[in-house]
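Values quoted throughout were computed directly from the atomic coordinates according to the rules given, and no laboratory measurement underlies them. None of the values given here were measured: they were computed from a predicted structure. Neighbour counts run over all protein chains shown; Cβ positions are idealised from the backbone, glycine included.
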Amino acid sequence: MKTHAIRIHQPGGPENMVWEEVDLASPAAGEVLIRHTAIGLNFIDVYHRTGLYPMPVPFTLGLEGAGIIEAIGPGDGDFKVGDRVAYASPPIGAYAERRLMPADRLVSIPDGIDDRHAAAMMLQGMTAHYLLRRTYRVQPGDSVLIHAAAGGVGLLLCQWAKHLGATVIGTVGSEDKAALALAHGCDHAILYKTQDFVARVKEITGGAGVPVVYDSVGRDTFLKSLDCLRPLGMMVSFGQSSGTVEPFDTGLLAARGSLFLTRPSLMAYTAKRGDLVASAAELFEVVKTGAVRIELNQTYALKDAAQAHRDLEGRKTTGSTVLLP
């Protein structure tokens, strides 16, 4: 079978993303053939494209998608042809009209959630789930600091943390993004370009600091984020949109009150199928009840994925984005 996909033959800029025809085999045992109806856009795709997270070339980008099962390999009994499914997991290869996918990495899309929103929520939503419910389990009355609060994960974190009873402090880059974050559960939006976010966090918390910082920005915010934590607080560094965090003296953690530091990944938290299914189920539930809204603010044709990457890197997007085959 032939299909079309966005392929990378050499790491680099968006111009290295090539729309081309590729061959697709029949599903083997444990695999299914999916016809994508929507594909999620995420910053990890940029890391793969640029080579920050090296991949053997050539390869097809993408870790998240939703679609319809068209064929099933021998021996799989969990799904049937025609089922709506979604995923946010390796193996890489979502930027394609069709693809093969291990059946044990898929979850069924429940009634009441459409394919585009399913594709937009899986990676970012399950990331929000493990950050808030497992890495640091947010409790009612906690104050939390969320960087990039108007981004895809940021908006989900703000809503979900508010739903859990937290006071939500977010950093944003513009007045428009501040308004967006405030409309999605953020109690205090700090304009990091013109305000000292450390001083504002201390002011908001009466000098105490926060028990947890969720930081997907990386180099530009890392050290200052440590200054926002209360003693025994947890620094959760789960991305690096501004660049990789530079090496630092771990004595800084001791000097600031025996801080904890973790660099988690969704793939580790959903490696076991039971954890994957439970994470997706809790995500679907908070979305279906309206506690968390998925803001699908941009769509692009799959063949125009290079422009989607330019807009993502240029901080021109808000909320979630999907690519449409």
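Along the chain, counting only trypsin sites (Lys or Arg not before Pro) with a DSSP assignment other than H, G, I, E or B and at most 15 other Cβ atoms inside a 10 Å radius, the longest segment between sites is 1-79.
Count the net charge of all other residues whose Cβ sits under 12 Å from the Cβ of Tyr130, scoring Lys and Arg as +1 and Asp and Glu as -1.
Net local charge, Tyr130 excluded: +1.
With the convex hull constructed from alpha-carbon coordinates only, the chain shows a mean projected area of 15.9 nm² over all directions.
The H on the amide N of Ile72, modeled in the peptide plane, is under 5 Å from the matching H of Leu33, each at least 5 residues off or on a different chain. Helical content of the chain, expressed as a calculated mean residue ellipticity at 222 nm, amounts to -8000 deg cm²/dmol (DSSP H runs of 4 or more residues, -39,500 (n - 2.57) each, divided by residue number, nearest 500). The distance between label points at Lys316 and Lys288 comes to 3.8 nm (points 7 Å beyond Cα on the Cα→Cβ vector). Direction-averaged projected area, Cα convex hull, segment 140-263: 6.8 nm², rounded to one decimal. The alpha-carbon atoms of segment 54-93 define a convex hull whose volume equals 100 cubic angstrom per residue. The phi torsions of segment 300-314, fed into the Karplus equation with coefficients 6.51, -1.76 and 1.60 and a -60° offset, translate into couplings of 9, 5, 4, 5, 9, 4, 4, 5, 4, 5, 4, 5, 5, 5, x Hz, rounded to whole numbers, with Gly and Pro shown as x. Between Asn297 and Ser258, residue separation times 0.36 nm minus the direct Cα-Cα distance comes to 10.0 nm. With the largest listed first and rounded to whole Å, the semi-axes of the equivalent ellipsoid of segment 1-125 from the Cα gyration tensor are 24, 17, 12. When restricted to Cα atoms, segment 209-297 yields an Rg and a Dmax of 16.0, 45 Å, respectively. Residues whose amide H comes within less than 5 Å of that of Gly233, counting only those at least five positions distant or on another chain, are Phe260 (H built at 1.01 Å from N in the peptide plane). Each part gets one Cα centre, and for segment 4-50 versus segment 171-220 those centres are 35 Å apart. Modelled this way, with points 7 Å down the Cα-to-C-beta line, the labels at Ser26 and Asp83 are 2.0 nm from one another.
Working note: Karplus 6.51/-1.76/1.60 with θ = phi - 60° gives segment 25-35 the couplings 7, 6, x, 8, 4, x, 10, 10, 9, 10, 9 Hz, where Gly and Pro are set to x.
Remark on Arg7: its backbone amide H falls under 5 Å from those of Val18, Trp19, Glu20, a criterion applied only to residues 5 or more positions apart or on other chains, H modelled at 1.01 Å from N. Pairs exceeding a 26 Å alpha-carbon distance, out of Lys162/Lys288; Lys80/Lys288; Lys2/Lys303; Lys162/Lys224; Lys177/Lys224: none at all.
The chymotrypsin sites (Phe, Trp or Tyr not before Pro) of segment 42-134 include none that meets both conditions, a loop assignment by DSSP and at most 10 other Cβ atoms within 10 Å of the site Cβ.
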